[in-house]
1. For residues that are in a helix (DSSP H, G or I), of a type outside the set (Ser, Thr, Tyr) and either buried (at least 17 other Cβ atoms within 10 Å of the Cβ) or touching a residue at least 60 places away in the same chain (Cβ under 8 Å) (or both), tally how many sit in the stretch 159-195.
2. Which residue, of LEU131, LEU123, is in contact (Cβ under 8 Å) with a residue 24 or more places away in the chain, farther than 30 Å from ARG273 by Cβ and not polar (S, T, N, Q)?
3. Residues being over 23 Å from GLY208 (Cα atoms) and modelled with pLDDT under 95: count how many of those fall in the stretch 26-60.
4. Taking the stated definitions as given, is ASP295 among the acidic types (Asp, Glu) and either over 14 Å from the mean Cα position of the chain (by Cα) or in the same structural domain as GLN230 (by TED's automatic domain parsing) (or both)?
5. Restricting to the stretch 183-207, name every residue that is over 22 Å from the mean Cα position of the chain (by Cα) and acidic (Asp, Glu).
6. Return yes when PRO143 is surrounded by fewer than 23 Cβ atoms within 10 Å (Cβ to Cβ) and in contact (Cβ under 8 Å) with a residue 60 or more places away in the chain and no when it is not.
7. Does any residue of the stretch 108-126 turn out to be among the basic types (Lys, Arg), over 22 Å from the mean Cα position of the chain (by Cα) and either under 28 Å from LYS287 (Cα atoms) or outside the structural domain of SER299 (by TED's automatic domain parsing) (or both)?
8. Is at least one residue of the stretch 96-107 assigned to a strand (DSSP E or B) and surrounded by 22 or more Cβ atoms within 10 Å (Cβ to Cβ)?
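The values are calculated or read from the model by the stated rules, or taken from the named source; none is laboratory data. Here the structure is a predicted model, which means the values were calculated and not measured. We place every Cβ from the backbone using ideal geometry, glycine too, and count neighbours over all the protein chains shown.
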Amino acid sequence: MQRRQFMTGAAALGAALVLPNAARAQQDMPSGPVKIVVGFPAGGGTDVLARLLGQKLGVMWNIPVIVENRAGAAGVIAAEQVARQPNDGNTLLMAHVNSHGIAPGLQPKLTYSVDRDFSPIALVGKTPTILIGGASQPAKTLPDLVKLCRAQPGKIVFGSAGAGSAQHLALEIFKARAGIDVLHVPYKGSAPLMNDLLGGHVQYCFEGMTTATPLVQSGKVIALAQTLQQRSKSHPNVPTVAEQGYPGFEASIWFGMVGPGKMPDAMVQRMNRDIDQVLAMADVQEKLAQVGAEDGGGSVQRFADFMAQEQRKYAKTIKDAKIIVES
């Protein structure tokens, strides 16, 4: 009887020692397959980065990590889906400047709150927008363009990929800083905008690196400035807006990993450390350079502070410029 009681007690003690460790392990890791939701079609920059991270994290975590594309409304539809998921870490979102920087100030009927409904995990990277113009346009530098716009207020034509897009907001921020007035023509995407830029119907625009780079390299357009505070490694010869008389100017297209709100802190910190480790890998660095993504990594708090700053910046720009988009 005493031996049976001793064995039972020993078993209970062993379980008591093991269970907290198991609980801790479960707390800082998702239980099963992880899904990274992307709010854009396959093949785009956001998708490429999500798949790169997913492949590396799947190996590190020894669990499947898959990417699901749920395109629509510039990433907002995917964000709405992830905001409704359990906070167990099994569903994550590759957040984008559109869904987590611009949309909160642009869409009054947005169904989610970035602060309440998401857990910041890690900033993955920023890419600049490039201020480009048709090769035959008279102003070839940013100072000359500002002079031209001031000499012809409201007449120099700037296109954008759409009202309220990251490219449009970059233009509005620059207009406010430079004190200029231009004619803004929004398009339904970058492809028709580029056609009209090359055709001379549009004179200048801010455009994402993926679209702008091959046109700049071919000489079909000129690059006047880029919008990160430091020159992108992909465009070392293109000066920043900041260094051309507008210190502190930044209007990046950025990507970051988030999860549903109120994820366990231990899990968030574990994922942050692992993503930082992935971003430092040589082959990942090479891929990031190919898409022009820089300045990723850092603490959870760094990413949270950055997103809050972006929301304030864009909300003010949208209000000051009186930008309204159809819902």
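1. Of the residues in that region, 15 qualify.
2. LEU131
3. Qualifying residue count, the stretch 26-60: 7.
4. no
5. Within the stretch 183-207, just ASP196 meets the criteria.
6. On the way: surrounded by fewer than 23 Cβ atoms within 10 Å (Cβ to Cβ): yes; in contact (Cβ under 8 Å) with a residue 60 or more places away in the chain: yes.
Yes, satisfied.
7. Filtering the stretch 108-126 for residues among the basic types (Lys, Arg) gives 109, 116, 126.
Pick out the ones that are also over 22 Å from the mean Cα position of the chain (by Cα) and you get none.
No, the stretch 108-126 has no match at all.
8. For the stretch 96-107, residues assigned to a strand (DSSP E or B) and surrounded by 22 or more Cβ atoms within 10 Å (Cβ to Cβ): present.
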